[in-house]
Amino acid sequence: MPDICSSKMLLVNPPISPVLAMPGETTGLLRMTCDYGFNVLLADANLEFHKWISADPATKELFDSLSTQDFFDPVWYLRIKEELKKTGVRFDSDMSTPGSGQSPEPVLFKAGQTEKQIESFWLNWSDMHLATDVYEILTVLLHDPDQVRPCLFLADICRQKHPQLKLCLALAKDFDKNAALPLKEVSDFCLSLDSKSADWPFDRDREHGGANEPKAKPGVQPGPSPQRVWRLKTQDLSFIKDLPGHFWISALEMTPKQIADLLPVWEKGMERPAVALELQLDLALEQPDFSSWREKGICLVHWLVKEKIPGELKDWVKVLRQVSKMGIWNHLVLPSGDALSGLADFCTANPNMGHSWERVGKPLEPEDYASYGRAKSLPGSPFWLSLSRPGHTLLYLAGHGLTKLTRLRVIGAEQVYEVGQGLVYNYAKPEALPPGYLDQICHMVEDGGAVGNTWVRYNLERAHLIGFVEEKGVIVASGCLKHPRPEYIEMVKEQTGLDLTGHVERGYTTVRPEYRGLGIGTELLAGETARAGDKKVYSIISSDNLGAQKMALRNKTRKIATYFSPRLQKEISVWMPESMLP
């Protein structure tokens, strides 16, 4: 048995999986070996194999480019994803965990590759990695039975060319141990990762090395993305500062505060990784404390939602709103069927809070993410739908930030645009609108849900002016200067003494969720006010809408009167631009 304190180990993800990703157990196995004092290098022979069997130089170049900064070019990403699909390879992130026996038929055998080619690959690979005999232990992590047969060739090469090298098998969770028997018979050690505390096959009580050996830091070869995404369990969190890349942490039994308390504090000047959390939404309702999340590097939460969770829609929305205000991406995994349809509808209508969502067992379809029901749909679909697995979403959040990722959309196979880059502002009388535009603006206002629908069309047809904003042929925002109805003028005059005769109201301002935060509403209102002519302009804001009041003050408008609305059963304030005040 090798002396652990001086042993160098090569930890290998072997061929042949069609998924370009390390199995989820990799991180735990790395932590275990490093805690033992091994000097470990992680090598991805599966990625190297796919490069090696590619006869086309352009395809080889494609694989080589995976770990470059081109990854963060959305157009490049879409193109390479399609090209890889032609080879039978799935473009996934490192946090993926293919199910044993559940992955697609291996590329090698689909392409009719011979066993001689497998042997040739391993001979080439071993000449590159094992020729110097610096390693004493070769650990092979198996997560799919289809990897056993290729690894038999590796074991044979090791016996013949590197007899001093000890071969250790590490079997992923739920791996069929009977499938591993042929390889187990020619290996020196076998480790099962099926339990939470797997037994390491080396002697912990050796005088040199073992549990008392200072923890080593692993070496990591480039993977199928510029940075790796490591899947961690809560017991592996002490390993965070030893691994280069970003982290996906599963903490399904913890509240937000409990997991945040376990995460390390990053010292000033240290490069802070991006962190994704996998949590249960119902536990966040019990202890909704997110105060330290941003300083811990959290930028994505993967919420698992049970079919029956406590609270009501307003309680769940409150959690999503709090998290999104911190600049953190919310992704919801909803139960199958029509359960919790209200939460799905909220996310669809508010992609600035429920940034992405899916249902268990249901493929993601672009039509599921149309934000407004009757208004004309935006062209294409959200770019995040094109990202392979949530690990790539985390990488794009680290590379581009939440705001940009929210605004990227895809048209067709490779056309990507960022919403808000080609806005066109228009102002017209109702009768001068192009055919069908009034219908679309009515739908925009009604779908926005901020006002009752009874008088929308009536008021818009008689408006003094209608403003609307277009991009790529779709109305993305609208507003108007509308004439107040006589009975409304009379009610306000009776309660306040203010006579609104000859005035016009700024109203029905609505901005599609994907376009909020771009200042469109402010610019639209300013354009309408500038075109009011000899009319004085006012707006109404409910007294409990503090956010709208703050915005009104920033836009240099002042409150001039307050009345009680019998319909709304609350106080309403009348506001007017400072420039129009007497």
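Just a few scattered comments:
- Among the candidates THR557, THR501, THR522, THR562, residue that is of a type in the set (Ser, Thr, Tyr), open to solvent by 70 Å² or more (accessible area, probe 1.4 Å), in contact with a helix residue (DSSP H, G or I) (Cβ under 9 Å, 6 or more places away or on another chain) and not assigned by the TED database to the domain that holds MET353: THR501
- Scan of segment 377-430 for residues that are in contact with a strand residue (DSSP E or B) (Cβ under 7 Å, 6 or more places away or on another chain), assigned to a helix (DSSP H, G or I) and of a type outside the set (D, E, K, R), ordered by number: PHE383, TRP384, SER386, PRO390, GLY391, THR393, LEU394, LEU395, LEU397, ALA398, LEU402, PRO430
- Meets criteria (open to solvent by less than 20 Å² (accessible area, probe 1.4 Å), more than 31 Å from the chain's Cα centre (by Cα), modelled with pLDDT of 95 or more and in the same structural domain as GLU505 (by the TED database)) for ILE466: yes
- Residue check, GLY88 modelled with pLDDT under 80 and more than 27 Å from the chain's Cα centre (by Cα): no
- Selection over segment 259-314 of residues that are open to solvent by 10 Å² or more (accessible area, probe 1.4 Å) and in a strand (DSSP E or B) gives a count of 5.
- Flag: VAL419 does not match the condition of being among the hydrophobic types (A, V, I, L, M, F, W, C) and more than 26 Å from the chain's Cα centre (by Cα).
- Selection from segment 446-471 of residues that are closer than 22 Å to PRO379 by Cα and out of contact with any Lys or Arg (no Cβ under 9 Å at 6 or more places or on another chain): PHE468, VAL469, GLU470, GLU471
This table checks each residue for (1) within 30 Å of PRO484 (Cβ to Cβ); (2) at pLDDT 95 or above; (3) open to solvent by 60 Å² or more (accessible area, probe 1.4 Å).
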| position | (1), (2), (3) |
| --- | --- |
| GLY361 | no, no, yes |
| ALA370 | no, no, no |
| ALA375 | yes, no, no |
| LEU387 | no, no, no |
| HIS392 | no, no, no |
| GLU431 | yes, yes, yes |
| LEU438 | yes, yes, no |
| GLY452 | yes, no, no |
| TRP455 | yes, no, yes |
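- The single condition among (1) under 21 Å from PRO351 (Cβ atoms); (2) touching a helix residue (DSSP H, G or I) at 6+ places or on another chain (Cβ under 6 Å); (3) of a type in the set (Gly, Ala, Ser) that GLY467 does not satisfy is (1).
- Summed over segment 1-55, the residues that are open to solvent by 10 Å² or more (accessible area, probe 1.4 Å), modelled with pLDDT under 80 and more than 33 Å from the chain's Cα centre (by Cα) give a count of 6.
The values are calculated or read from the model by the stated rules, or taken from the named source; none is laboratory data. Please read all numbers here as calculations on a predicted model, not as lab measurements. Neighbour counts are summed over all protein chains in view; Cβ atoms, including those assigned to glycine, are modelled from backbone coordinates with ideal geometry. The accessibility values were calculated without ligands, DNA or RNA, using every heavy atom of the protein model including side chains. Shrake-Rupley method; radii C 1.70, N 1.55, O 1.52, S 1.80 Å.
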